[in-house]
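Notes follow the structure.
Please treat every number below as a calculation from the coordinates, not as lab data. Because the structure is a prediction, the values reported are computed rather than measured. For neighbour counting, all protein chains shown are included, and Cβ atoms are generated from backbone atoms with ideal geometry for every residue, glycine included.
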Amino acid sequence: MLDALVIGAGPAGLAMAATLGEAGLRVAGIAPQEPDAPWPNTYGIWVDELEPLGLTGMLGHSWHDCTVYAGDDEIPLNRSYGLLDNQRLQLHLLARGSRAHVQWQRARAAQIEHLPTHTRVTTESGQAHTARVVIDTSGHNAAFVQRPPGRRVACQAAYGIVGTFSAPPVRPGQLVLMDYRCGHLSASERREPPTFLYAMDLGDGRYFVEETSLAAAPPVPFATLERRLHRRLAHLGTAVTAVHHIEHCLFPMNLPLPDLRQPLVGFGGAASMVHPASGYLVNAVLRRAPEVARAIAQQFATGDPVPPRVARAAWQALWPASRLRKRSLYLLGLETLMRFDLRALQGFFTSFFALPQPQWAGYLGDALSTMELIYAMSGLLARAPNHVRRALIESAYHNRDLLWQALSA
């Protein structure tokens, strides 16, 4: 019998399997694709978030010239940003798992049975795997993780192109985190759900440009994003001359939390770990895998590793009360951003990136304590223009249940 069975071979699955194996547990993983199958999406991350993990060597690109255009003015961020080299990180995690004797099998999990002393997972081919604990990392549409209904689900959507252009869409060596300029939009389009440009110079004449909707329910259609991207590029005086890759990105920002009493563990998107107000996930996966693995290993060390107790320890490590409080504040932030029109969003982000860098960086990376988070939000309220301040107060009142959860949990 296995100690742990991991379902899913994305960043969350490989990180969790490797870390559990390094904790001395007998680990195997199953996934519908081979564990070294290419990950389809690009993953951006702040360089200083990788440094404590010793993973800056996993970057494929990095930029020091990072800016935001909330309105017409450029806001320099003075912080380095990077794109992960997916294959490099994937091979790194697989090598760690291999050294810890983690075994992977290509199979699709079909059924799960919770027994008093172990859990049995049966694949579509009928093969059974038994383990003391099962960790479901199979993404937002998780194989087995159960979650109660919650608020309307808002999705981040993006349409992106890696290619060459008739003229550079950004200056050499530049990363544009957000460009909310709207000179290419008609008056009626400016009343539609706002979108922004995320763009970067990849070197050798290649650029990545992506039109992004931060969050909307229902999500902004890909066709709308594609049309807006090409119109924006034309307004910038450039056009695509060759397409090397097209990216479609769609994921939920505010999935309800899983049932934290269930006898299996979720991790990554399956555990609602996406930052509700920014969409970041990979940093949280890499940072929290050791926390969850340590809690699981400690439960095994007690000599009583029955599934409900192991799962309870893991869920508590992943979602302690302090993190639940902060999540309520981030959900409040998401609800607020979705209420904003384009003008309010421009004013909001101008004020947000005028905060001291440790505050806005800590907010985006979930690195602040609850009180530090409240202090940063109060500072934003104080410096925001009047129309944004009014909208922030109205949103806080409208979503006062989230504020109450954050302050009373």
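Structure values in brief
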read-out	value
The chain - Kirkwood radius from inverse mean 1/r over Cα pairs (Å)	22.3
Simple label model, 7 Å out from Cα along Cβ direction - ARG88 to GLU226, nm	3.2
Rounded tilt (10° steps) of 321-339 against the dominant C-alpha axis of the chain	30
Segment 101-167: trypsin sites (Lys or Arg not before Pro) in DSSP loop, at most 11 other beta carbons within 10 Å	ARG152
Highest-first arrangement of 268-274, 99-105, where packing means the average Cβ count within 10 Å	268-274, 99-105
Segment 93-205 - Rg and Dmax from Cα coordinates, angstrom	23.2, 64
Relative contact order (%) - criterion: Cα under 8 Å, at least six apart; region: the chain	18
Label point distance in nm, ARG390-ARG99, each placed 7 Å from Cα along Cα→Cβ	6.0
Residue exposure sequence - ILE246, ILE7 - by fewest surrounding Cβ within 10 Å	ILE246, ILE7
Nearest-ten-degree value, helix 11-22 long axis tilted from longest Cα axis of the chain	40
Förster-model FRET efficiency, 22 Å R0, ASP73 and ARG190, C-beta, rounded to 0.05	0.75
Potential extension, ARG323-ALA239 segment - 0.36 nm per residue separation minus Cα distance	25.8 nm
When segment 23-169 is reduced to its Cα atoms, the Kirkwood hydrodynamic radius in Å	19.4
Exposure proxy order (Cβ contacts within 10 Å, fewest to most) of THR42, THR19	THR42, THR19
Highest-first arrangement of 346-359, 279-292, where packing means the average Cβ count within 10 Å	279-292, 346-359
Inter-label distance, nm, simple model (7 Å from Cα along the C-beta direction), THR122/VAL306	2.4
Cα-centred dipole magnitude for the chain, charges only on beta-carbon of K, R (+1) and D, E (-1), debye, nearest 20	880
Using alpha-carbon coordinates, inclination of helix 307-318 to the longest axis of the chain, degrees	30
Relative contact order (percent, whole number), segment 155-252, Cα cutoff 8 Å, 6+ residue spacing	49
